[in-house]
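Have a look at the structure below before the remarks.
The values are calculated or read from the model by the stated rules, or taken from the named source; none is laboratory data. Keep in mind that what you see is a predicted model, and the values were worked out from it rather than measured. Quick reminder, even Gly has a Cβ in these numbers, built from the backbone with ideal geometry, and neighbours come from all protein chains shown.
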Amino acid sequence: MTLELGILLALLCALASNLGFLYKHRGACAAPEVCWRTPIRSALGLWRSKWFAIGMLVAVGAWVLHVGAMAMAPLSLVQSVISGGLVFLTVLAERFFGFEVGRRQWAGVGLMAAGLALLTIVLPGSGGPHSAYSHAAMIGFESGLLVVGTLLVLSPRLGARHEHHGVLLGSAAGLLFGVSDVALKAITGLIGDHGLAGIATPWLGVTILASVIAFYASARGLQVGEAVPVITLTSAAANISAIGGGILIFGDPMSTHPLGIALQSLAFVLVIVAAALTPAPVRAARQAPATA
């Protein structure tokens, strides 16, 4: 029952997360330009935008659901279910935010549904929260993602082409959200073992640092890039990095039967391919920019 509740919380998180992203995009485009040299002024400018503030409140609700899901189910499964949020993204973007979804995107929806269903079927029934981890593996994995994410944040200054700035910043934000998710997973395990004393861990600092950098990278990416591609790459980078962390750090289950291994691997491939197929709905009609 705990596993099923974790999956339900992950689905609700996916819905809330993508709705929050779309509201934040609307608000970020109406806010002053995010500047790394004036972080406090930039944050205040974003929060003064009504739609961005609404999006952040929705995102906080999604984060609470995410933490609950990670406490009840394996991290790789939680992130695979949240990958289905790309389906919610295309539906919300088309029905409520003025985007038109083409055949390529609906093909992604079908692959995503198939991948998630297959993954759930072949997941070993003994799967639990899986919060135990190796400190050396955790440090190596988190440090590597932090370095790559930071390089992507700095990519505009390193000569990346202007038209790629949005998606590169979105990818950076996603990797850093993945760093935060993996650290949070470790914290949920420590709290389970030691109560509230489990919060007193260096991983809390990693969570906060990664989340703050991801906040600015995501907001700036939404300002300079198209909404759906930036949101999609943010979600895909976060999900893939967290799924990798679940398997490599926390030992999330992979089937031991050859057929199960093949099917579970296929399920992950379908999820990733679906993420690649979903990015590019286009504006159905030109609309005046929403005001804050």
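For this structure, a couple of remarks:
- Count - residues of the range 18-61 that are surrounded by fewer than 16 Cβ atoms within 10 Å (Cβ to Cβ) and either touching a strand residue (DSSP E or B) at 6+ places or on another chain (Cβ under 9 Å) or among the β-branched types (Val, Ile, Thr) (or both): 3
- Residue in the range 184-194 that is crowded, with 24+ Cβ neighbours inside 10 Å, touching a residue at least 12 places away in the same chain (Cβ under 8 Å) and in a helix (DSSP H, G or I) present: yes
- Within the range 197-216, the set of residues being in a helix (DSSP H, G or I) and farther than 24 Å from Val78 by Cα comprises Ala197, Tyr216.
Yes or no, residue by residue, for (1) under 22 Å from Val224 (Cβ atoms); (2) among the polar types (S, T, N, Q):
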position	(1), (2)
His25	yes, no
Ala30	yes, no
Ser42	yes, yes
Trp47	yes, no
Met56	yes, no
Ala69	no, no
Ala73	no, no
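- Qualifying positions in the range 161-184 - over 16 Å from Ala237 (Cβ atoms) and at pLDDT below 85: Arg161, His162, Glu163
- Residues of the range 39-97 that are over 25 Å from Leu209 (Cβ atoms) and aliphatic (A, V, I, L, M): Ile54, Met72, Ala73, Leu77, Val81, Leu86, Val87, Leu89, Val91, Leu92, Ala93.
- Filtering the range 42-51 to residues that are assigned to a helix (DSSP H, G or I) and more than 20 Å from Arg157 (Cβ to Cβ) leaves Ala43, Leu44, Gly45, Leu46, Trp47, Arg48, Lys50, Trp51.
- Set side by side, the residues Leu175, Leu169, Leu151 differ, and just one is part of a helix (DSSP H, G or I), out of contact with any Ser or Thr (no Cβ under 6 Å at 6 or more places or on another chain) and either under 19 Å from Gly68 (Cβ atoms) or touching a residue at least 40 places away in the same chain (Cβ under 8 Å) (or both), which is Leu169.
To keep it simple, each residue is scored yes or no on (1) at pLDDT 75 or above; (2) in contact with a Phe, Trp or Tyr (Cβ under 9 Å, 6 or more places away or on another chain); (3) in a loop (DSSP other than H, G, I, E, B); (4) closer than 27 Å to Ala107 by Cα.
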site: Leu233; (1), (2), (3), (4): yes, no, no, yes
site: Ala238; (1), (2), (3), (4): yes, yes, no, yes
site: Ser241; (1), (2), (3), (4): yes, yes, no, yes
site: Gly245; (1), (2), (3), (4): yes, yes, no, no
site: Gly251; (1), (2), (3), (4): yes, yes, yes, no
site: Met254; (1), (2), (3), (4): no, no, yes, yes
site: Ser265; (1), (2), (3), (4): yes, no, no, yes
site: Val271; (1), (2), (3), (4): no, no, no, yes
site: Ala274; (1), (2), (3), (4): no, no, no, yes
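- Any hit, the range 28-38, residues being free of Cβ contacts under 8 Å to residues at least 12 places away in the same chain and farther than 21 Å from Leu175 by Cα: yes
- Residue in the range 86-93 that is under 23 Å from Val269 (Cβ atoms), modelled with pLDDT of 80 or more and either touching a His at 6+ places or on another chain (Cβ under 8 Å) or surrounded by fewer than 23 Cβ atoms within 10 Å (Cβ to Cβ) (or both) present: yes
- Flag for Val34 being over 14 Å from the mean Cα position of the chain (by Cα) and not in a helix (DSSP H, G or I): yes
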